[in-house]
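To start, the structure under review is shown below, and the notes come after it.
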C-alpha cells in the first residue's frame, strides 16, 4: 500500500510521525513538514510502519548525507537532518517523552552540551559475516536486520579506529577472521592506542598467531583479547588506559566505558558536581568514571557494579589513585540496597543501562532517602518511568541537561538532578 504522507514530528527511535486516514504512520528518513510517497511495510495494533519511496516536498532543514551507507546501515538515523539542528530536535523529543510517559511537565531550560558531530566514537563493534559468494567481510548490520553492510570507513568513528577498520577489511585479514562473529575496538583518549577484542570460535594456536600479528602490524593496537568457548585470553597489554581530567582509567576487555570521546570531561564534571559530604553511592559504576572524582568530594564513596570485569577495574583504578575512601560492591543495585543499612546518603548517582533502574531497586533506594539523586540516562522512555516513580516519592527536579554524545543518531543522553522535597528550600 502506497500513499502520500506529510509528517508532523520526529519521535524517539529515529522515525517521523504522520497520520493517514486517521491512523498513525511511522517512517524513517523524513523530516517534519516534508511530503513524501511512502509504502507500508507492516502494521501492528493500528499503527503503520512505512518506508519512504520519494521525497515530494523537501524541508529546508534537510542535509545531503555525507556517508554512502546512510539509509541502509543501522548505525545512524539523522544524517539527513542538518547537524547543527539535531541537538535542539533531540531536546524537544526528550521533553515530550518525559511528559508523555512520565507525566514530567518540565518547561524550564534543558541545557544542551554539544561537540563535533563527526569522528566522535572511541568504540566500535564490527560485525563479521560470510557473504553469499563465500567472502568474509566486516561492517555493520542493516537497520532492523542481521544482514551485513560492508563498510570501508565510518564517519562517526575516530580516525584511529577507521585506520584499524581499513586494515581489517583487507583480504589479508578477512581471510583469517572467518571464525569471528564480532570484533570490538576501543581507542584511548588521545586516539593513539587501540584495544581489540575478537569474539568467536578460534583455536588456541590460531588465536596466538592472530594476536601476535595484530599487535605487530595493526596501527596503534596494544592489546588483543580473544574470547572463545567461554574463555578470554589477553595478549599484549592487559587493557587500555583512558584519561579523563586528572584521572586515568584502566579498561579491561569486557568492561563498560562511555563511547563518545569529545564530551567526556564535561559529562564527568556535570554528574559529579555536588556539595561535599559524608557519603555518595555510585550505581552502575563501571570502571569508576564517576566514582573516582566523587572520592575527592566525599568522605566515603561506594561504587556498585555487578559486572565482574568492570568491578575489578574499578577497584584497581581506585587503588592506582590511592583513593582509600572508595569501597567497591560487586553486586546488583537491588542486592546492594536490600542489605544497605545507612540512610540519607548525601548523593546517589544512577547511570543504568537502557532498561533503566529495576522497580524493586528504586523502591529500596527511595526508602533510604538520599538527599540528592543524579540520574544519567541513555533512554528517555525508561528515564521518564523512573522519574515518575521518584517524583511521587518525595523528590523534585532541580535541573535537566542533555549531552549530545551520539550525533547523527537518535540516541539521547540526559542528566537529571533531583533533590528531596523537604530539603529543596534549605
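Quick grid of which residues meet (1) buried (at least 21 other Cβ atoms within 10 Å of the Cβ); (2) touching a strand residue (DSSP E or B) at 6+ places or on another chain (Cβ under 7 Å); (3) closer than 28 Å to residue 413 by Cβ:
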position	(1), (2), (3)
12	no, no, yes
21	no, no, no
35	no, yes, no
66	no, no, yes
69	yes, yes, yes
ask   = From the residues in the range 164-173 that are over 17 Å from residue 224 (Cβ atoms) and in a helix (DSSP H, G or I), which one is modelled with the lowest pLDDT?
value = 171
message = As an exercise: evaluate residue 144 against (1) assigned to a loop (DSSP other than H, G, I, E, B); (2) without any contact (Cβ under 8 Å) to a residue 60 or more places away in the chain and give the number of the one condition it does not meet.
response = (2)
ask   = Within the bounds of the range 50-61, is there any residue that is surrounded by 14 or more Cβ atoms within 10 Å (Cβ to Cβ) and within 20 Å of residue 404 (Cβ to Cβ)?
value = yes
note = Flagged in the range 8-62 as more than 19 Å from residue 73 (Cα to Cα) and assigned to a loop (DSSP other than H, G, I, E, B), in numbering order, are 11, 21, 22, 32, 33, 34, 45, 46, 58, 59, 60, 61
remark   = Going through the range 174-198 in order, the residues found to be part of a strand (DSSP E or B) and free of Cβ contacts under 8 Å to residues at least 60 places away in the same chain are 180, 181, 182, 183, 194, 195, 196, 197, 198
ask   = Can residue 138 be described as touching a residue at least 60 places away in the same chain (Cβ under 8 Å) and in contact with a helix residue (DSSP H, G or I) (Cβ under 9 Å, 6 or more places away or on another chain)?
value = no
key: Selection within the range 200-225 - under 29 Å from the mean Cα position of the chain (by Cα) and over 25 Å from residue 189 (Cβ atoms)   = 200, 201, 202
Unique residue being in contact with a strand residue (DSSP E or B) (Cβ under 7 Å, 6 or more places away or on another chain), surrounded by 20 or more Cβ atoms within 10 Å (Cβ to Cβ), modelled with pLDDT of 90 or more and under 23 Å from residue 130 (Cα atoms) when the list is 186, 161 = 161
ask   = Pick from 156, 149, 93, 110: which is in the same structural domain as residue 410 (by TED's automatic domain parsing) and either within 30 Å of residue 9 (Cβ to Cβ) or touching a residue at least 12 places away in the same chain (Cβ under 8 Å) (or both)?
value = 110
Selection status of residue 250, in contact with a helix residue (DSSP H, G or I) (Cβ under 8 Å, 6 or more places away or on another chain), touching a residue at least 60 places away in the same chain (Cβ under 8 Å) and on the phi < 0 side of the Ramachandran plot = yes
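So, residue 313, is that one in contact with a strand residue (DSSP E or B) (Cβ under 7 Å, 6 or more places away or on another chain), over 15 Å from residue 272 (Cβ atoms) and at pLDDT 95 or above or not? Before you say what the answer is, go through the steps one by one.
On the way: in contact with a strand residue (DSSP E or B) (Cβ under 7 Å, 6 or more places away or on another chain): yes; over 15 Å from residue 272 (Cβ atoms): yes; at pLDDT 95 or above: yes.
It is true that residue 313 is in contact with a strand residue (DSSP E or B) (Cβ under 7 Å, 6 or more places away or on another chain), over 15 Å from residue 272 (Cβ atoms) and at pLDDT 95 or above.
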request  = Filter the range 372-389 for residues that are assigned to a helix (DSSP H, G or I) and either in contact with a strand residue (DSSP E or B) (Cβ under 6 Å, 6 or more places away or on another chain) or more than 17 Å from residue 421 (Cα to Cα) (or both) and give the result.
outcome  = 380, 381, 382, 383, 384, 385
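Would you check if residue 303 is surrounded by fewer than 17 Cβ atoms within 10 Å (Cβ to Cβ) and over 24 Å from residue 161 (Cα atoms)? First the steps, then the outcome.
On the way: surrounded by fewer than 17 Cβ atoms within 10 Å (Cβ to Cβ): no; over 24 Å from residue 161 (Cα atoms): yes.
Taking the combined requirement at face value, the residue does not satisfy it.
Residues being assigned to a strand (DSSP E or B) and either modelled with pLDDT of 95 or more or in contact with a strand residue (DSSP E or B) (Cβ under 7 Å, 6 or more places away or on another chain) (or both): count how many of those fall in the range 227-250.
Of the range 227-250, the ones assigned to a strand (DSSP E or B) are 227-228, 231-236, 240-244, 247-250.
With either modelled with pLDDT of 95 or more or in contact with a strand residue (DSSP E or B) (Cβ under 7 Å, 6 or more places away or on another chain) (or both) added as a condition, the list becomes 227-228, 232-236, 240-244, 247-250.
Here the count works out to 16.
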note = Scanning the range 358-402 residue by residue, those surrounded by fewer than 16 Cβ atoms within 10 Å (Cβ to Cβ) and in contact with a helix residue (DSSP H, G or I) (Cβ under 6 Å, 6 or more places away or on another chain) turn out to be 360, 388, 393, 394, 396
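Quick check on my filter: what residues within the range 150-159 are within 17 Å of residue 65 (Cα to Cα) and not in a loop (DSSP other than H, G, I, E, B)?
Going residue by residue through the range 150-159, those that are within 17 Å of residue 65 (Cα to Cα) are 151-157.
Across the range 150-159, the qualifying residue is only 157.
The values are calculated or read from the model by the stated rules, or taken from the named source; none is laboratory data. Because the structure is a prediction, the values reported are computed rather than measured. Positions of Cβ are generated from backbone atoms using ideal geometry, with glycine treated the same way; all protein chains shown enter the neighbour counts.
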